[in-house]
Amino acid sequence: RFPVEDAKVSWKVPWPEYSPVPFVAPSVLAAERSDANPNGWADSPRPNLAELKHRLSCEGPLFFDADQRPVNPRGRTGVCGRGMLGKWGPNRAADPIVTRWKPGDKRKLQIVAIQRGDTGVWALPGGMVDAGEVVSVTVRREFAEEVGNMASDAERAAFNAAVDELFAHGEVVYRGYVDDPRNTDNAWMETTAFHFHCTADLAVQLPLRAGDDAHNVTWLDVDDAEPRYAALYASHKDWVD
Ligand code: RP5
Ligand code: MG
Ligand code: MG
């Protein structure tokens, strides 16, 4: 990345010497070339302005640079292009915040957290919205993929029954920009975070097993003294707090 000090992040600060590094990950280009892209994960090499009109930002109207690339609403990142993200502009995700009172300690809240396979950092078990998918479906699908990788049909049935009950009552607690390390000047993450709270019974019954892009899963104390919680991925800690 081209180094950007805090005082120069805002586009309102004139900075003629600013020269962001152009980057598109090989995996993004490969997904684009492949016919097998059923999820519509990768965008075309050029921003598709007609398509972008239907993929609005939660942050307000989209702005475009001289090359007709959408511009990051939060400012300069030091990288231009799509970087590691599949789409120009907002890349939409959904994040489940699943809480319980810690067994044996009713004053301590815990969340379901996963260890990301890409960076090793602990995070909410969220993921990208597939083409045409509604976020309420995404949030459950990602939860099941990342923490419900059950070994047997019986375990899978128990997990699905618990999740049916848990996800019946949820609340949107955040919708907007994510301070994701993959963000660039022209592509960034936006999410809808939902809160689901386990009843006392569910808290002990919900079986968890990591899968897909999650390497580990655990109930994590909501406590700044817990290093994995204090260092939660992107802006995930802000929404839980
Ligand atoms: C974050 O990246 C979102 O908050 C969500 O947790 C996640 C989605 O990307 P993947 O987990 O699919 O990489 O910005
Ligand atoms: Mg996922
Ligand atoms: Mg994920």
Cβ-Cβ FRET estimate between Phe63 and Glu32, R0 fixed at 35 Å, reported to 0.05: 0.90
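Heavy-atom accessible area per residue, the chain, 1.4 Å probe: how many Å²?
That works out to 51 Å² for each residue.
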Take the residue pairs Lys106/Lys237; Lys8/Lys108; Lys87/Lys237 and return only those whose Cα atoms are more than 32 Å apart. Lys8/Lys108
Please give the net charge around Leu109, taking every other residue with its beta carbon less than 9 angstrom from that of Leu109, where Lys and Arg add +1 and Asp and Glu add -1. +2
If Lys and Arg each add +1 and Asp and Glu each add -1, what is the summed charge of the other residues whose beta carbon sits under 14 Å from the beta carbon of Val173? -2
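Determine the share of segment 1-112's accessible area contributed by carbon and sulfur atoms, expressed in whole percent, with a 1.4 angstrom probe.
58 percent
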Derived scalar couplings ³J(HN,Hα) [segment 197-212; Karplus, 6.51 cos²θ - 1.76 cosθ + 1.60; whole Hz; x for Gly, Pro]: 10, 7, 5, 4, 5, 4, 4, 8, 8, 5, x, 10, 8, 5, x, 6
Would you calculate, for the chain, the mean residue ellipticity at 222 nm contributed by helices, counting each DSSP H stretch of 4 or more residues as -39,500 (n - 2.57) and dividing by all residues, to the nearest 500? -6000 deg cm²/dmol
Phi angles of segment 53-68, converted by Karplus (6.51 cos²θ - 1.76 cosθ + 1.60, θ = phi - 60°) into ³J(HN,Hα) in whole Hz with x for Gly and Pro, give 4, 9, 10, 6, 8, 6, 8, x, x, 7, 10, 10, 8, 4, 8, 6
Sort the chain into rounded, prolate or oblate with this rule: let a ≥ b ≥ c be the square roots of the eigenvalues of the Cα gyration tensor; rounded if a/c is under 1.5, and if a/c is not under 1.5, prolate when a/b is larger than b/c, oblate otherwise. prolate
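Does segment 138-231 come out rounded, prolate or oblate by the C-alpha gyration tensor, with a ≥ b ≥ c the root eigenvalues, rounded set by a/c under 1.5 and, if not, prolate when a/b is larger than b/c and oblate if not? Could the numbers behind the result be given before it?
Numbers: a/c = 1.66, a/b = 1.59, b/c = 1.05.
Prolate shape, in that a/c is at least 1.5 and a/b is the bigger ratio.
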Tell me the carbon and sulfur percent of the accessible area for segment 142-234, rounded to whole percent, probe radius 1.4 Å. 46 percent
From the phi of every residue in segment 139-154, what ³J(HN,Hα) in whole Hz does the Karplus formula 6.51 cos²θ - 1.76 cosθ + 1.60 yield, where θ is phi - 60° and glycine or proline is x? 4, 6, 4, 5, 4, 5, 5, 8, 10, x, 7, 6, 7, 9, 4, 5
What are the residues whose amide H is under 5 Å from the amide H of Asn216, where those residues sit 5 or more places off or on another chain and H is modelled from the backbone? Gln115
Taking amide H atoms as placed 1.01 Å from N in the peptide plane, list the residues 5 or more away in sequence, or in a different chain, whose amide H sits under 5 Å from that of Val173. Ala193, Phe194, His195
With every protein chain in place, the accessible area of His236 for a 1.4 Å probe, in Å² rounded to the nearest 10, comes to 10 Å²
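The values are calculated or read from the model by the stated rules, or taken from the named source; none is laboratory data. Not measured: the values here are computed from a predicted model. Note that each Cβ is placed from the backbone with ideal geometry, even for glycine, and that neighbours are counted across all protein chains shown. Side chains are part of the model used for accessible areas, which takes the heavy atoms of the whole protein and leaves out ligands, DNA and RNA. Shrake-Rupley method; radii C 1.70, N 1.55, O 1.52, S 1.80 Å.
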